[in-house]
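A quick write-up on the structure given underneath.
Any read-out appearing in this document is the output of simple, stated calculations on the displayed coordinates, not a laboratory observation. Here the structure is a predicted model, which means the values were calculated and not measured. Cβ placement follows ideal geometry from the backbone for every residue including glycine, while neighbour counts extend to all protein chains displayed.
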Amino acid sequence: MKARQCKHNSRNMKRSGDSEGEKRRKRRRLLQELGDQKIPFLGPSDRGFQQLWDSSYFGLVLRKSCSLPAELHSRVQAALLTLRKKGCLLKDLVRVRDRDVFTAVSRALLGEPGHTYRYLDTRLFAIPWHSEDAEVKGQNCCDPDLRDACKALWELNTFLCSDVSQLKEGDQFSQCMKAEGEAKLVEEGETESKHSDDSKNSEGGDSESRQSEEGDTESKHSEEWDIESKHSEEGCSGSKQEAGWETEEGESSQVKPSEGSFAGVSEHSEGKCPGWTTEAFSGTKPEPVGLEAQEKPVAQLKHSLSDYHIQDREELAGGLGCSQTSPPQVCTGPVKFNVTLLNYMDPAQMSHLKEEPYYGMGKMAVGWHHDENLITHSPVAVYNYSCHDDKGECSEGSSVEKACWRIGLKVAWDIHTPGLMLPLESGDCYYMRDDLNNTHQHCVLAGETARFSSTHRVAECSKGTLTYIQSRCQEALSNLHTDPETGSHSLVTLQPTALQHCEEIHNEVEFEWLRQYWFQGQRYARFCSWWTRPMEQLEKDWKLMETMTMLFLATVEEEGQAEERRREMAETLLSALTDRHQQRQTWRDRCHSSLAQTLPPEEAPVDRPFWGVDDPGMPLPFDLADIISRVESLLWRM
């Protein structure tokens with residue numbers, strides 16, 4: 001039975017590897033067909049800009065800074081500077097293509113007490129909002145300045161929840177058109193969008209909750225970081241062949257005008273944008289892009305790319321490392337952002353920023369991506385704050401005009417639709433509503449000043465809250481009986497399915513929570529101690545689960561049982577322990593990697609001494625490799 005299972009797993013792994021290799025080969029071929037041709041995009045000064053926004057980017061809303069309360073701006077910006085000054089914004093060591101790399105931006109997670117946010121094999125543990133919630137009130141887990149900063153961001157979150165919920169269909173782009181002091185945009189051209197139906201049916205919707213099928217692309221990245229900007233030596237090339245659009249568009253480099261193209265489409269680079277103006281952005285005009293002569297190949301391309309995505313959606317669904325599976329949640333009712341991911345980046349501190357490779361939009365601070373691990377159809381709200389130094393001074397009187405930050409957007413899996421480039425002033429907010437985050441990708445284009453962003457999300461937390469993992473611990477420990485007189489332990493039931501369930505929870509607690517926390521989550525304990533006691537309790541529960549594993553082993557080795565039942569239990573135990581052994585080695589390697597060793601002691605990953613049954617301090621006589629060997633020998637003899 002074991003041999004059959006191994007052969008089955010081997011075939012599945014081979015099939016998965018072959019499938020991934022074939023997809024990568026096809027991606028490269030498609031990009032070779034695209035060649036060096038730039039795809040057009042529109043900015044505010046171009047004819048057709050509003051038409052393009054209305055027809056293809058209608059989930060995007062811009063709220064200008066002047067439409068937010070001045071007092072809110074003041075409190076939020078002071079809060080961001082406080083977090084930066086205290087050193088709370090840190091670069092994450094994330095996992096991409098089986099390699100650890102640092103994020104280009106520094107960040108922190110704030111949110112509902114006990115919430116986490118997972119991306120790129122990294123779990124962030126939220127510093128609580130410090131609102132008036134009873135769960136946080138009265139807890140002395142951080143100093144008053146940090147508490148006030150967190151509360152200011154909770155106030156921003158409350159404002160954004162209300163604002164996004166009140167928007168109506170007709171308000172989708174009114175904020176950008178009606179804000180005080182704005183110049184009128186150029187009158188729109190009379191041409192229609194050739195792509196409207198086409199793009200909706202071909203988006204393929206890369207979802208970052210599955211970290212996308214573009215395993216070697218920026219599409220795996222969360223809102224505010226760009227792996228290729230500084231770490232191309234880590235196997236994250238910024239070339240078209242390995243960048244964030246790798247499998248979406250790829251067509252012949254012979255491109256001709258088409259009847260359905262937008263009027264006035266142009267290619268831009270860096271732009272000066274003190275406000276909405278009709279002044280042209282610097283840059284050169286590309287050759288007009290059209291695909292009239294190649295509609296059939298393009299349709300075939302989109303169909304094949306959508307197939308890739310559907311396949312990956314099936315392969316990677318539920319890829320959060322948890323044992324349970326559940327249908328995706330869908331956002332309904334009033335918006336309630338439960339976390340915000342704070343980001344900080346200073347382009348002056350970056351040795352190299354990659355050029356946006358497909359449209360020529362300029363230097364990228366964040367590559368093309370979807371935001372991951374969100375409730376389906378939930379909006380994302382982003383507050384943008386640009387400053388010239390850590391004191392928050394913006395040098396408004398300076399005679400030298402600084403290039404502003406911008407966001408770029410594109411329709412996923414669509415080469416008919418021009419991209420959209422939107423300049424951002426300090427204090428502006430933009431919202432991505434409905435399914436825009438699923439059907440489109442966005443990037444962040446660097447300005448010349450330092451920038452904070454507060455990206456408010458409805459994170460998919462069905463398996464990502466403290467309450468959840470505590471309930472899972474109780475499920476597992478309900479199968480452990482402790483004698484009230486002697487303190488000795490025994491298993492309540494020996495049913496293989498129940499034992500398997502306990503071992504799955506055991507792995508989940510260790511690898512999705514404890515090791516994640518000690519790898520990076522514990523860095524924030526010096527700022528806020530909210531997570532300290534809950535993680536100590538999780539450690540205690542984990543140690544009891546280690547005891548349960550040893551009781552399970554003793555039962556398997558016990559003679560005099562029915563052989564078939566004994567074999568079934570042994571196979572269940574072996575599967576769980578093999579997975580555990582492999583994951584422990586991976587985490588040990590990560591903790592002792594060359595990159596991890598470059599971090600200062602207060603930020604370095606910790607390989608806790610209690611990990612593993614081979615710890616001399618544990619009252620358990622065997623190391624994990626020895627246990628696996630014993631179970632394999634037992635199965636061999638059966």
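Listed values, structure above:
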{"item": "Full-stretch length increase - Gln561, Asp54 - with 0.36 nm per residue and alpha-carbon distance subtracted", "result": "175.5 nm"}
{"item": "Two-site label geometry, Glu475 and Asp623: point separation in nm, points 7 Å out along Cα→Cβ", "result": "3.3 nm"}
{"item": "FRET E, pair Trp636, Gln495, Förster distance 25 Å, beta-carbon r, rounded to 0.05", "result": "0.55"}
{"item": "At most 14 other Cβ within 10 Å, DSSP loop - GluC sites (Glu not before Pro), the range 562-603", "result": "Glu602"}
{"item": "Cα-based Kirkwood hydrodynamic radius, the range 463-637, one decimal, Å", "result": "17.4 Å"}
